[in-house]
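Visitor: Let me give you the structure first, and then I'll get to my questions.
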Amino acid sequence: MKPSLILIVCTSFSLLLPTALQANTFRCNNIPIEVTTSDSTVVDIACAASTSALRYLEQYDLRPKKLIRIDIVQRPLESIGHPIFGSYNSRKDLIEVMSFRSILEIKPLPSMYGEPFDPDHYFGVIAHEVTHAVVQHNTELTRISNAAQEYLAHATQLAVMSAPRREKIIQSAGVGAWEPNDVISDIYMALAVKRFAVKCYLHLSGHNSPRSFVHTLLTHKWRYVVAT
């Protein structure tokens with residue numbers, strides 16, 4: 001069967017195989033995800049990461065409303081002058097993610113949550129961006145607050161990682177969940193992204209009424225969110 005029809009988690013070796021020159025589009029099996037890439041070896045990991053993200057979000061009644069397109073690009077990405085690994089354009093409803101090879105070419109070697117970037121973190125980055133798309137599909141606002149978007153994206157990014165890896169990151173962060181009346185802001189995220197991610201994951205996974213809080217996030221316009 002073709003790679004576009006089977007979900008197989010790629011190894012770090014397969015991610016480093018030579019890429020083709022021509023970009024092709026692949027449809028993930030059983031989920032509304034379309035991947036365009038010149039390197040077919042990343043299709044399986046993109047589909048697997050997307051599947052994991054969708055399964056996690058479904059428990060909070062968050063589901064894609066239409067096809068989500070992912071372009072794997074061979075060039076650097078940036079946001080407001082800062083390098084990033086992936087982005088979601090809500091106007092085009094398009095995700096762009098740097099190829100794993102392109103990320104490894106960045107000098108010095110980039111990190112994620114204080115760890116060297118590796119295939120596990122690449123898996124998480126794709127899940128992060130898929131979350132942005134799904135969240136946008138489930139809000140009536142043109143765009144919810146950045147803090148609300150990143151809360152859900154980072155919670156998902158940690159959730160899709162293996163339990164031992166996630167626990168290692170949580171322990172190294174040295175923080176607990178957001179407490180009631182804490183201010184969740186993108187300023188905190190910019191200053192301490194690992195701590196932000198851990199606090200969001202722990203808060204959502206331990207919330208007494210997580211779906212209600214997610215609804216609050218989906219209707220939130222302000223720059224910060226107050227934890228409940």
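What follows draws every value from the coordinates through simple rules; no lab data is involved. Keep in mind that this is a model prediction, so the values were computed, not measured. Every residue, glycine among them, receives a Cβ derived from its backbone with ideal geometry; neighbour counts consider all protein chains shown.
Visitor: Report, in degrees rounded to the nearest 10, the 0 to 90 angle that the Cα long axis of helix 163-173 makes with the longest principal axis of the chain.
Guide: 50
Visitor: Next up: Remind me, relative contact order of the chain in percent, using alpha carbon pairs under 8 angstrom and six or more residues apart?
Guide: Numbers: 385 pairs, mean separation 39.3, N = 228.
The normalised contact order for the chain reaches 17 percent.
Visitor: Relative to the longest principal axis of the C-alpha atoms of the chain, give the angle of the C-alpha long axis of helix 146-159, reported between 0 and 90° and rounded to the nearest 10°.
Guide: Between helix and principal axis, roughly 60 degrees.
Visitor: What FRET efficiency comes out for residue 205 versus residue 115 if R0 is 25 angstrom and r is the Cβ-Cβ distance? Round to the nearest 0.05. Don't skip to the answer; put the middle values down first.
Guide: Values: r = 21 Å, r/R0 = 0.82.
Efficiency at R0 = 25 Å is approximately 0.75.
Visitor: For residue 92, give me every one of the aspartates and glutamates with a C-alpha distance below 16 angstrom, ignoring sequence neighbours fewer than eight places off in its own chain.
Guide: List returned: 34, 71, 129.
Visitor: To continue, here is another question. Hey, got the dipole for segment 146-226? About the Cα centre, +1 on K and R Cβ, -1 on D and E Cβ, debye to the nearest 20? Don't jump to the answer; show the numbers that get you there.
Guide: Values: 9 positive and 5 negative charges, 34 e Å.
In debye, rounded to 20, segment 146-226 gives about 160.
Visitor: With label points built 7 Å along Cα→Cβ from the Cα atoms of residue 77 and residue 105, find their separation and express it in nm.
Guide: 1.6
Visitor: Identify, among 138, 100, 181, the residue whose Cα sits farthest towards the positive end of the charge dipole of the chain, taking +1 on the Cβ of Lys and Arg and -1 on the Cβ of Asp and Glu, with the dipole about the Cα centre.
Guide: Farthest along the dipole direction, towards plus: 138.
Visitor: Same structure, new question: Nothing charged except the Cβ atoms of Lys and Arg (+1) and of Asp and Glu (-1): what's the magnitude of the dipole of the chain about its Cα centre? Round to the nearest 20 debye. Kindly include the intermediate steps, with their values, before the conclusion.
Guide: Values: 22 positive and 20 negative charges, 55 e Å.
Using Cβ point charges on Lys, Arg, Asp and Glu, the chain gives about 260 debye.
Visitor: Moving to a separate point now. Calculate how large, on average over all directions, the projected area of the Cα convex hull of segment 146-226 is; give the answer in nm² to one decimal. If you can, show how the numbers build up before the last one.
Guide: Values: hull surface 19.7 nm².
Directional mean of the projected Cα hull area for segment 146-226 stands at 4.9 nm².
Visitor: Right, here's the next one. Which part of segment 106-148 falls in the paramagnetic zone of residue 215, meaning amide N under 16 Å from the point 7 Å along Cα-to-beta-carbon?
Guide: Residues passing the 16 Å test: 138-141.
Visitor: May I ask you to compute the full-extension gain from residue 163 to residue 223, defined as 0.36 nm times their residue separation minus their alpha-carbon distance, rounded to one decimal in nm? Don't skip to the answer; put the middle values down first.
Guide: Numbers: separation 60, 0.36 × 60 = 21.60 nm, distance 3.14 nm.
Contour length minus Cα-Cα distance gives 18.5 nm.
Visitor: For residue 55 and residue 67, compute 0.36 nm times the residue count separating them, minus their Cα-Cα distance, and round to one decimal in nm. All intermediate terms of the calculation are to be shown ahead of the outcome.
Guide: Working: separation 12, 0.36 × 12 = 4.32 nm, distance 1.59 nm.
Additional length available on full extension: 2.7 nm.
Visitor: Taking Cα centroids, how far is segment 178-219 from segment 97-141 in Å?
Guide: So the two Cα centres are separated by 19 Å.
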